[in-house]
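Here the structure is laid out as structure tokens; the discussion comes afterwards.
The values are calculated or read from the model by the stated rules, or taken from the named source; none is laboratory data. Quick caveat, the model's predicted, so the values are computed rather than measured. Glycine gets a Cβ as well: all are built from the backbone with ideal geometry, and neighbour counts include every protein chain shown. Ligands, DNA and RNA are excluded from the accessible area calculation, which covers all protein heavy atoms including side chains. Shrake-Rupley method; radii C 1.70, N 1.55, O 1.52, S 1.80 Å.
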Amino acid sequence: MSTTAVATPTNGNAHASVKLPIYMDNHATTPVDPRVVQAMLPYYTEHFGNAASRNHQFGWEAEQAVETAREQIAKLVGATSKEIIFTSGATESDNLAIKGVAEMYREKGNHIITAATEHKAVLDTCKRLEKNGYRVTYLPVGADGLINLEDLKRAIDDKTILVTIMYANNEIGVLQPVAEIGKLCHEKGVLFHTDAVQAIGKVPVNVIKDNIDLMSITAHKLYGPKGVGALYVRRKNPRVQITAQIDGGGHERGMRSGTLNVPNIVGLGKACELAMNEMPEESKRLAYLRDRLKKKLEDNLDEIHINGSMEHRLPGNLNMSFVYVEGESLLMGINDIAVSSGSACTSATLEPSYVLKALGLGDDVAHSSIRFGIGRFNTEAEVDYVAEKLIDTVKKLRELSPLYEMVKEGIDLKKIQWATEGH
Amino acid sequence: MAYSNKVIDHYNNPRNVGTLDKSSNDVGTGLVGAPECGDVMRLQIKVNPDTQVIEEAKFKTFGCGSAIASSSLATEWIKGKKVEDALAIKNTDIVKELSLPPVKIHCSVLAEDAIRAAIGDWKKKHATAEPVAVETAQAKA
């Protein structure tokens, strides 16, 4: 993928030419915005001080930069700067929030509630706690990917200390009813953590309106650098306490020791500032591009399936199953386009996406899914190229698909007794 | 994952894609794999009743690039072979020819299964006096 080429769509329509390969996997990561890079650069060579050095100018400059970033982040999510704790990224933030609360509130209870479609950073942290004597409820989701608030209400008991439900899903982009979840938690005196990495900068997130007590943030999903994130920890109504998971010099008000990564923190702050200013315009543009892609695919292909709610969804996300075509072979046919598949063949475990399975999709449909993540730097010409290339490839692979042929002949695939053992 | 050039070639230019008349007495059909597993191969042969030579071989595959390549290669290899010689093809031959990585060996196993299933179906038709139009998998439906 190191070479770049310029190409026009195969049918030679009058589209603007696009640069290949096309990156359309913005839920995995995003490129760093050049304006963010510019803001970061002085903090490597010129203002390189340790933000914890209290007795000279190098330290003061670094500390000032960190405090500015803290304010930029706080402003984007409706928090105060003292409520922002810097971490190495969202996985650490999730670990710190969940383990930190579990340990701090152990005497109050040992029950945690989460959802089946959470990121592994949350699910595996919960599984670790289960081994240590905690009880975890994994809420199911509907076909739309949303949890049911009644299920949540029923799951909360007098031992419940934490509910952790993501703001937006990384595969299907579905937005959970976070404000309602938070309200319910507060009524029951339970803390509410949300992994909001996919939502921040894409949709309006406000910790007060959304009743959030702890929130995981990362830079690299919003055009900032990798390796830096933050945890929002509410300071009043209620005042949330967490047990530190990394011991050391007592940085970040004792919640997370370790020398601050100043350039990356500056980058996270700048990325939040840009998102704050540009989100209203940008989210409209992304939704337009996403809907354009969706319409082109729907107009030209039969037997396609949208995974998850379209109504409650991130503007740049589309997750679609191209039934009777296997996901990995589809990716192979569109190898100048970077997207993701829920196919088992693309994962290390040879299991199809657990998120899609949680929606009630059969393995066969999950195997056929593609996730598109449209971002800040994608253009309309790219969307058109992706649509055309995908339509061509799906048609070609369906010519090759015995399942598609059988379905067209009126055979019910579910009535066939497939030899599944051993594969 | 990096594919070998041979896998890419078969994916881009699959050999012998198509469908033979499964009800014909000279045609054997093998349908192996399962949609839930992400791989289904259908391999068909047309056998000359006098010479026992496989004159036509066609396939259709739902699966990853390696599965498509394995079945495409299988049709290429069995075409022109006598039925008994086609049965001698082993999945390891396919692995070697396509340089399949360990995680893709099941694709070659499936291709060998498909050859055996197609020949088995053809043999079954000739074991009975009356031609029976069945497919291996569908027969159990």
- [ ] Output yes when any residue across the stretch B:121-129 is within 12 Å of chain A (Cβ to nearest Cβ) and either touching an Asp or Glu at 6+ places or on another chain (Cβ under 7 Å) or assigned to a helix (DSSP H, G or I) (or both), and no when none is.
- [x] no
TODO: Working only within the stretch A:110-135, note down all residues that are surrounded by fewer than 19 Cβ atoms within 10 Å (Cβ to Cβ) and part of a loop (DSSP other than H, G, I, E, B).
DONE: A:ASN110, A:ALA116, A:ASN132, A:GLY133
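Go through the stretch A:90-109 and give me each residue that's open to solvent by 10 Å² or more (accessible area, probe 1.4 Å) and hydrophobic (A, V, I, L, M, F, W, C). Please lay out each step first, then the result.
Restricting attention to the stretch A:90-109, the residues satisfying the condition of being open to solvent by 10 Å² or more (accessible area, probe 1.4 Å) are A:90-92, A:95, A:99, A:103-108.
Correct list: A:ALA90, A:MET104.
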- [ ] Please tell me if A:GLU278 is at pLDDT 95 or above, over 15 Å from A:ARG371 (Cα atoms), surrounded by 16 or more Cβ atoms within 10 Å (Cβ to Cβ) and of a type in the set (Asp, Glu).
- [x] no
Open item on the list: Return the residues of the stretch A:30-52 that are open to solvent by 30 Å² or more (accessible area, probe 1.4 Å) and assigned to a loop (DSSP other than H, G, I, E, B); say none if nothing qualifies.
Closed with: A:PRO31, A:VAL32, A:LEU41, A:GLU46, A:HIS47, A:PHE48, A:ASN50, A:ALA52
Task: Every residue from the stretch B:1-16 that is at the interface with chain A (Cβ under 9 Å from one of its Cβ atoms), closer than 16 Å to B:THR61 by Cα and in a loop (DSSP other than H, G, I, E, B) - done: B:PRO14
- [ ] Count, please, the residues in the stretch A:329-355 that happen to be at pLDDT 90 or above and at the interface with another protein chain (Cβ under 10 Å from one of its Cβ atoms).
- [x] 6
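Quick check on the stretch A:303-318. Is at least one of its residues in a helix (DSSP H, G or I), modelled with pLDDT of 95 or more, more than 14 Å from chain B (Cβ to nearest Cβ) and buried (at least 23 other Cβ atoms within 10 Å of the Cβ)?
Keep residues of the stretch A:303-318 that are in a helix (DSSP H, G or I), which gives none.
No.
Got a number for residues in the stretch A:361-387 being closer than 30 Å to B:THR75 by Cβ and more than 11 Å from every other protein chain (Cβ to nearest Cβ)? Write out each step before concluding.
Residues of the stretch A:361-387 closer than 30 Å to B:THR75 by Cβ: A:362-370.
After this cut, where a residue has to be more than 11 Å from every other protein chain (Cβ to nearest Cβ) as well, the list is A:369-370.
Here the count works out to 2.
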Open item on the list: Any residue that is within 11 Å of chain A (Cβ to nearest Cβ) and of a type outside the set (Val, Ile, Thr) - is there at least one of those in the stretch B:93-105?
Closed with: yes
Open item on the list: Quick test for you: out of B:SER70, B:SER108, pick the one residue that is of a type outside the set (A, V, I, L, M, F, W, C), more than 9 Å from chain A (Cβ to nearest Cβ), assigned to a helix (DSSP H, G or I) and in contact with a strand residue (DSSP E or B) (Cβ under 9 Å, 6 or more places away or on another chain).
Closed with: B:SER70
Open item on the list: Suppose the filter is away from chain A (no Cβ under 14 Å), of a type outside the set (Asp, Glu), surrounded by 24 or more Cβ atoms within 10 Å (Cβ to Cβ) and closer than 27 Å to A:LYS415 by Cα; does B:ALA114 pass it?
Closed with: no
- [ ] Could you tell me whether A:PRO177 is surrounded by fewer than 24 Cβ atoms within 10 Å (Cβ to Cβ) and within 29 Å of A:ILE374 (Cα to Cα)?
- [x] yes
TODO: For residues that are polar (S, T, N, Q) and open to solvent by 40 Å² or more (accessible area, probe 1.4 Å), scanning just the stretch B:17-67, find the one that is farthest from the other protein chains (Cβ to nearest Cβ).
DONE: B:THR51
Task: Residue in the stretch A:388-408 that is within 14 Å of another protein chain (Cβ to nearest Cβ), open to solvent by 60 Å² or more (accessible area, probe 1.4 Å), assigned to a helix (DSSP H, G or I) and at pLDDT below 95 present - done: yes
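Based on this model, can you work out whether B:ASP85 counts as in a helix (DSSP H, G or I), over 13 Å from the mean Cα position of the chain (by Cα) and surrounded by 15 or more Cβ atoms within 10 Å (Cβ to Cβ)? Don't jump to the end; show me each part of the working.
Details: in a helix (DSSP H, G or I): yes; over 13 Å from the mean Cα position of the chain (by Cα): yes; surrounded by 15 or more Cβ atoms within 10 Å (Cβ to Cβ): no.
Criteria not met by B:ASP85.
Using the structure shown, decide if B:GLY80 is within 12 Å of another protein chain (Cβ to nearest Cβ), touching a residue at least 12 places away in the same chain (Cβ under 8 Å) and on the phi > 0 side of the Ramachandran plot. Lay out the reasoning, then the answer.
Working: within 12 Å of another protein chain (Cβ to nearest Cβ): no; touching a residue at least 12 places away in the same chain (Cβ under 8 Å): yes; on the phi > 0 side of the Ramachandran plot: yes.
Here the answer is no, as B:GLY80 does not meet what is asked.
Here's a check for you: in the stretch A:409-420, which residue that is within 11 Å of another protein chain (Cβ to nearest Cβ) and over 35 Å from the mean Cα position of the chain (by Cα) is least open to solvent (accessible area, probe 1.4 Å)?
Our first condition is that a residue be within 11 Å of another protein chain (Cβ to nearest Cβ); within the stretch A:409-420, this holds for A:409, A:411-420.
Next, only the ones that are over 35 Å from the mean Cα position of the chain (by Cα) stay: A:409, A:411-412, A:415-419.
On the way: A:GLU409: 112, A:ILE411: 44, A:ASP412: 73, A:LYS415: 146, A:ILE416: 12, A:GLN417: 106, A:TRP418: 30, A:ALA419: 45 Å².
Across the stretch A:409-420, the extreme among qualifying residues is A:ILE416.
Would it be correct to say that B:ILE105 is modelled with pLDDT under 95, closer than 24 Å to B:ASN5 by Cα and in contact with a Ser or Thr (Cβ under 9 Å, 6 or more places away or on another chain)? Write out each step before concluding.
Values: modelled with pLDDT under 95: yes; closer than 24 Å to B:ASN5 by Cα: yes; in contact with a Ser or Thr (Cβ under 9 Å, 6 or more places away or on another chain): yes.
The answer is yes for B:ILE105.
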- [ ] List the number of the failed condition for A:PHE86; all other conditions in (1) closer than 23 Å to A:LYS209 by Cα; (2) among the aromatic types (Phe, Trp, Tyr); (3) open to solvent by 70 Å² or more (accessible area, probe 1.4 Å) hold.
- [x] (3)
